[in-house]
1. Just one of [x] 25.8, 88; [y] 32.2, 103; [z] 24.4, 83 is Rg and Dmax of the Cα atoms in Å calculated from these coordinates, so which is it?
2. Rounded to whole Hz and in sequence order, give me ³J(HN,Hα) for the stretch 110-123 from the Karplus expression 6.51 cos²θ - 1.76 cosθ + 1.60, θ = phi - 60°, writing x for Gly and Pro.
3. Using per-residue counts of other Cβ atoms within 10 Å, averaged over each peptide, order 85-95, 126-136 from highest down.
4. Using the crude model of +1 on Lys and Arg Cβ and -1 on Asp and Glu Cβ, and no other charge, please compute the dipole size for the chain relative to its Cα centre, in debye to 20.
5. Picking from Ser370, Pro209, Val179, whose Cα lies most toward the positive end of the charge dipole for the chain (charges on Cβ: Lys, Arg +1; Asp, Glu -1)?
6. What is the distance, in nm, between label points placed 7 Å from the Cα along the Cα-to-Cβ direction at His27 and at Thr89?
7. Under a point-charge model restricted to the Cβ atoms of Lys and Arg (+1) and Asp and Glu (-1), what is the dipole moment magnitude of the stretch 1-83 relative to its Cα centre, in debye to the nearest 20?
8. On a full-extension model of 0.36 nm per residue, what is the gain between Ser346 and Leu325, subtracting their alpha-carbon distance, rounded to one decimal in nm?
Amino acid sequence: QPSFEAYFTEILLCKNELNGTLNNLSHWMKDEHVDKNLVTQLDSAFIRKDPYGVVLIIAPWNYPIHLFLVPLIGAIAAGNCVVVKPSETTKNSERLVAEMLSCYLDNDCFAVVTASVQETTRLLENKFDYIFFTGTPSVGRIIMTAAAKHLTPVTLELGGKNPCYVSDTCDVQNVAQRVAWGRFFNAGQTCIAPDYILCSVEMQEKLMPALREAITEFFGSNPRESPDFGRIVGDKQFRRVRALLCSGRVAIGGQTDEKERYIAPTVLADVLPSDPAMQEEIFGPILPIVVVANMDEAIDFINARPRPLAIYAFSCDSKVVNQVLERTSSGGFCGNDTLMHVTLTSLPFGGIGSSGLGKYHGKFTFDTFSHHRGCLHRNMGLEALNALRYPPYTQQKLGLLTATFEIKRKGMCTLL
């Protein structure tokens, strides 16, 4: 990964998460007092934020620091003990986490487990109070099955094929730059990257030269020599992504080098829904373009598939962007840009359906790792007020009970 991208994702965004938590934790952790009914007016009703206990965080390889550290910040803030399982795919980062975390945190409360698939399977046999997993839907099902044996709650941050609709009314140059940046950031190995473009034939013809220009501007005439373009993480992942190049026709890029694990920034034109690139999350520097007639067809295309982690829509007409937002469902949404919604700690980040379960970032991370405990602390006196609910029951008691407990709907019409 280029150092610029690594600093942005692995350091700056993590520092933002940490500083935001430190700035607001005293407020987040306070008891939250709630509305009361007539009977409990003299009592104290509040929500207490308790830690779950021992939390397991399983991190992926694509952002090996960010995606363990951000949930860890929230888990610690909420008062939990944590077991961290970094990805074994990124060996250097795994070793760094294992060596350094123990230097800064209490080893009795925080531990790092370095393990492959077999050891992780055994790890999941233990009872945890909460499991936070980031990875693929297939592994997410395994995690959820293991958690179910102990009735352990989970957050699953999964992936999916994130659609990017480009309308006929937009600034083509801006679209090309923003989409190319989001797709080829970290060589496409980003769970919220735009996975494919939906647009008309006319827009495809306009986008192609604009995308070519953007790629050249970003990475030069030979991206292989650019210090700003990353590589695929491993040989297995390289071969999987390279096999997707047979979809549609290669309009831009397409060059590969297995020794370097290099796949050029690639755009595929005239891709069919049945092509290999449309059957799985790409997770590499390949951008398919699927032709649709109009916005309605694009929305139908999106809704006919599992709900993605993110949906992107580009248009100079805000009504078009709002239509895509209102008529679709996804973990997150970003209009007229890509990836940028994830930089705001004020927005929840998470999936829906097959793209995930639960949310985090900022206060949402603290809330995820906190048990919200409903509490009522009553006055020991005034027992006469409680007589209404005690047997023997009478119709008069029921009427008075209803008057003191009932929540009435506001703005109801009164029949005269």
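1. Read-out taken from this structure: [x].
2. With coefficients 6.51, -1.76 and 1.60, one gets 9, 9, 10, 10, 9, 7, 8, 4, 4, 5, 5, 4, 5, 4 Hz.
3. 126-136, 85-95
4. 1200
5. Ser370
6. In this crude label model, His27 to Thr89 measures out at 3.8 nm.
7. Using Cβ point charges on Lys, Arg, Asp and Glu, the stretch 1-83 gives about 100 debye.
8. Here the segment from Ser346 to Leu325 would lengthen by 5.7 nm.
The values are calculated or read from the model by the stated rules, or taken from the named source; none is laboratory data. Being a predicted model, the structure only gives us computed values, none of them experimental. Counting neighbours? That spans all protein chains shown, and the Cβs are built from the backbone with ideal geometry, glycine included. Accessible surface areas use protein heavy atoms only, side chains included; no ligands, DNA or RNA. Shrake-Rupley method; radii C 1.70, N 1.55, O 1.52, S 1.80 Å.
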